[in-house]
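The values are calculated or read from the model by the stated rules, or taken from the named source; none is laboratory data. Keep in mind it's a predicted model, so treat the numbers as computed, not measured. Cβ sites come from the backbone with ideal geometry, for glycine too, and all protein chains shown count toward neighbours. Only protein heavy atoms, including side chains, enter the accessible area calculation; ligands, DNA and RNA are left aside. Shrake-Rupley method; radii C 1.70, N 1.55, O 1.52, S 1.80 Å.
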Amino acid sequence: MKRIIYFAALAALLAGCSKNTQSETPLRDTPISVNVLMPEIQTRAGYSQGNLPSKFYLSLNQNGTKYDYTNVVMKKPEYGKWEAYESDAVDAPTKLMLWEGSPVSASVTAATFPLDGSAPYTVSVSGDQSTDEKLKASDYLWYSDEIHPSENGISIRFCHIMSKVKIEITLGNEYADDTDPVTSVAVLNTNTQALYEPKNASATLFGNLTEPKAILACKTGYNADTRTASFEVILVPQTVAAGSFGLSILVGDNTYEWFSSAEVTLGGNKEYTLSLTAGKDKASVNSFTTSSWGSGNGINSATE
């Protein structure tokens, strides 16, 4: 009788161990699905939930070689779910990503530029952002977090690493009879290239700023009632010395220039609104406000 009880207890113990082992890795070898989430933006500049990038790169460290993935190319058909591919090649095969399944958190990184492990990464904005597509090409996205395996997959919550500046130019009374006379706006004296180093806590995110040049902004509208022209531009986060950050505004045959008398600091994932008045042979600033990119909540940061 004692032997029967002993074997029954041993069987129960083994069953319990087996059950515990299975519960520790319930998602092992389960395919990973990927979803992308982004804050909505009310303006034209850059990506949003309704205007996602056509591809991005993803790296996943699950503390196990077999289940670690580096620089996987993620693409989404016009209709369908995001799919993983072995490379950027047009005929590249799809790649099956699987959960390792342990309860230990995993590290996930995603970006709209290759994650080849050679951080810091070189990022740059175009000197010509005069169209929607040219402007969007300067919008770099980044995501990095510690996550737990889930049957819901991975939700990539991208943020913008660059700065967005909305420019609103109200014309003087001398332009009351003109129909949309503002031809172009260029942002002056900002660096267009930098090294982005997000994982080095001892270094600034953006270093080695280079190639200062004029950047042609994208025109987004004109309000004839208020004689206000709207433009948008994406800039590398940086601090521009007093007297250097400026605008060149072409209105008809007249060119207006304005330079900030104060130092201007542009932060990553920040949206700025610069409001000016142009007329009587000069341009003067009304306000310069900032908010999180996509939030739409302006905070007055400078008036000059």
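The strands (runs of 3 or more DSSP E) falling completely within the stretch 165-265 that include 1 or more residues that are touching a helix residue (DSSP H, G or I) at 6+ places or on another chain (Cβ under 8 Å) and of a type outside the set (S, T, Y) map to 218-223, 228-235, 246-251. When the stretch 189-205 is limited to residues that are in contact with an Asp or Glu (Cβ under 8 Å, 6 or more places away or on another chain) and not β-branched (V, I, T), the one that is surrounded by the fewest Cβ atoms within 10 Å (Cβ to Cβ) turns out to be A203.
Only residues that are in a loop (DSSP other than H, G, I, E, B) and touching a residue at least 24 places away in the same chain (Cβ under 8 Å) were counted in the stretch 108-147, giving 17.
Of all the residues in the stretch 86-107, those that are more than 20 Å from S155 (Cβ to Cβ) and outside any loop (DSSP other than H, G, I, E, B) number 1. Out of the residues in the stretch 213-228 that are open to solvent by 60 Å² or more (accessible area, probe 1.4 Å) and farther than 17 Å from A137 by Cβ, state the one that is nearest to the chain's Cα centre (by Cα). Within the stretch 213-228, the match that is nearest to the chain's Cα centre (by Cα) is N223. Restricting the stretch 167-180 to residues that are under 33 Å from the mean Cα position of the chain (by Cα) and surrounded by 18 or more Cβ atoms within 10 Å (Cβ to Cβ), the residue that is farthest from S230 (Cα to Cα) is L171.
When you look at Y222, is it closer than 18 Å to G46 by Cβ and hydroxyl-bearing (S, T, Y), yes or no? Reasoning before the result, please.
On the way: closer than 18 Å to G46 by Cβ: no; hydroxyl-bearing (S, T, Y): yes.
It is false that Y222 is closer than 18 Å to G46 by Cβ and hydroxyl-bearing (S, T, Y).
Residues that are within 19 Å of the chain's Cα centre (by Cα) and crowded, with 16+ Cβ neighbours inside 10 Å within the stretch 138-151 comprise S138, D139, Y140, L141, W142, Y143, listed in sequence order. Residues of the stretch 262-288 that are among the small types (G, A, S) and either surrounded by 15 or more Cβ atoms within 10 Å (Cβ to Cβ) or under 22 Å from V236 (Cβ atoms) (or both): A262, G267, G268, S275, A278, G279, A283, S287.
Please go through the stretch 220-259 and give me each residue that is in contact with a strand residue (DSSP E or B) (Cβ under 9 Å, 6 or more places away or on another chain) and charged (D, E, K, R), ordered by number. Once the filter is applied, which keeps residues that are in contact with a strand residue (DSSP E or B) (Cβ under 9 Å, 6 or more places away or on another chain) and charged (D, E, K, R), the stretch 220-259 yields R227, E232, E257. Only one entry in V72, V123 is closer than 17 Å to K199 by Cβ, hydrophobic (A, V, I, L, M, F, W, C) and touching a strand residue (DSSP E or B) at 6+ places or on another chain (Cβ under 9 Å), namely V123. Please work out if Y256 is more than 27 Å from the chain's Cα centre (by Cα), modelled with pLDDT of 90 or more and surrounded by 21 or more Cβ atoms within 10 Å (Cβ to Cβ). When the stated conditions are applied, Y256 passes them. Scanning the stretch 48-85 for residues that are open to solvent by 50 Å² or more (accessible area, probe 1.4 Å), part of a loop (DSSP other than H, G, I, E, B) and either modelled with pLDDT of 95 or more or over 26 Å from K136 (Cβ atoms) (or both) yields N63, D68.
In the stretch 234-243, the residue that is farthest from Y47 (Cα to Cα) out of those that are of a type outside the set (V, I, T) and open to solvent by less than 40 Å² (accessible area, probe 1.4 Å) is Q238. Of the candidates S155, S150, the single residue that is part of a strand (DSSP E or B) and over 25 Å from S248 (Cβ atoms) is S155.
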